[in-house]
Structures are given as structure tokens and as C-alpha cells.
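Quick note: the coordinates plus some simple rules give every number you see, no bench work behind them. Please read these numbers as outputs of a predicted model, since none were measured by experiment. Using ideal geometry, Cβ is built from the backbone for each residue, glycine included, and neighbour counts are taken over all protein chains shown.
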Amino acid sequence: MKNFSIFAFAVFFLFSTSAFAKRSAPKEVKPVTVNGIQYSVPHFATKSRPTMKHAGGYLEAKDLKRKKVLWLSEVYSVSYVPGMETDVQDVFITSIVPEGKNLLITDEKNRTYLYPLAR
């Protein structure tokens with residue numbers, strides 16, 4: 001019985017620690033449209049966005065009239081600590097709000113960035 005208790009504890013410990021290391025998926029950020037250009041926040045690289053070097057921290061602009069992506073820009077970089085799972089180190093954008101000739105961008109660490117609309 002003692003061996004079974006030790007085994008059960010070991011299994012519980014292994015599964016519970018890996019569960020704590022994982023993070024939940026980032027929340028979707030509602031796109032913002034200014035002068036016919038839609039600004040959105042892609043959280044992850046895709047086939048259409050292969051140049052993303054890390055998850056989070058990117059802004060994409062799309063011309064709605066021409067239905068064409070104009071650019072993808074890195075707002076901030078994410079540095080990863082070797083040996084740690086990258087998903088728990090990712091920092092995602094949580095909001096984008098037009099503010100004059102800029103977008104006010106906020107990330108999960110509550111840092112803010114002013115991103116110029118004219119490019």
C-alpha cells in the first residue's frame with residue numbers, strides 16, 4: 001500500500017507541475033479601423049505571417065477596400081530564458097485604441113506603446 005501511495009503522489013506531482021507551467025490562450029483583441037485601414041493583433045505566426053519571430057507583440061495593418069495586408073510590424077520583442085517553457089514567457093498585446101495619430105497599445109504586463117498610424 002505504501003508503494004501505491006508513493007506512486008500516486010509521484011503521478012499527481014508530475015501532472016500538476018506541468019499543468020501549472022502552461023498558460024491559457026491569449027484573449028482575442030478586437031481590431032480597430034482608422035481611415036479604411038484595419039489594425040489587428042496576430043498572436044501567433046501562420047503561413048501568411050511566417051516572419052513572426054515570437055508569439056505576441058505584433059501589429060498588422062490591412063487595407064479593407066483592397067482586402068490586402070499592408071504590413072506586419074513588431075511592436076516589441078520578447079526575450080526567452082533558455083531552459084524555460086516559452087509559452088509561459090510570451091507577452092501578448094491586450095488592447096489597441098486609436099489616440100490621435102497613434103494607436104495606444106497595451107500588453108499583458110500593462111506596458112503601453114504609442115504606435116504611429118502614418119507609415
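Please list, in order along region 24-37, the HN-Hα scalar couplings obtained from phi with the Karplus expression 6.51 cos²θ - 1.76 cosθ + 1.60 (θ = phi - 60°), rounded to whole Hz, x for Gly and Pro.
Computed from phi, the couplings for region 24-37 are 6, 5, x, 6, 5, 9, 5, x, 10, 10, 9, 6, x, 10 Hz.
How high is the relative contact order of region 36-111, in percent, with contacts defined as C-alpha pairs under 8 Å that are six or more residues apart?
Values: 121 pairs, mean separation 17.9, N = 76.
Relative contact order for region 36-111 comes out at 24 percent.
If we count every other residue with Cβ under 9 angstrom of LEU72's Cβ, Lys/Arg +1 and Asp/Glu -1, where does the sum land?
Net local charge, LEU72 excluded: -1.
Rank the residues MET52, MET84 as a footprinting-exposure proxy: fewest other Cβ atoms within 10 Å of their Cβ go first.
The fewest-first ordering by Cβ neighbours comes to MET84, MET52.
Kindly flag which residue pairs out of LYS27/LYS68; LYS22/LYS101; LYS22/LYS65; LYS67/LYS101 have an alpha-carbon separation exceeding 28 Å in this structure.
Working: LYS27/LYS68 25 Å; LYS22/LYS101 38 Å; LYS22/LYS65 40 Å; LYS67/LYS101 22 Å.
Pairs exceeding the cut-off: LYS22/LYS101; LYS22/LYS65.
Listing VAL88, VAL78 from the residue with the fewest other Cβ atoms within 10 Å to the one with the most, what is the order?
VAL88, VAL78
What is the order of GLU60, GLU85, fewest Cβ neighbours within 10 Å to most?
GLU85, GLU60
Give the whole-number value, in cubic angstrom per residue, of the convex hull volume spanned by the C-alpha atoms of region 26-116. All intermediate terms of the calculation are to be shown ahead of the outcome.
Details: hull volume 8.7 nm³, N = 91.
It is 96 Å³ per residue.
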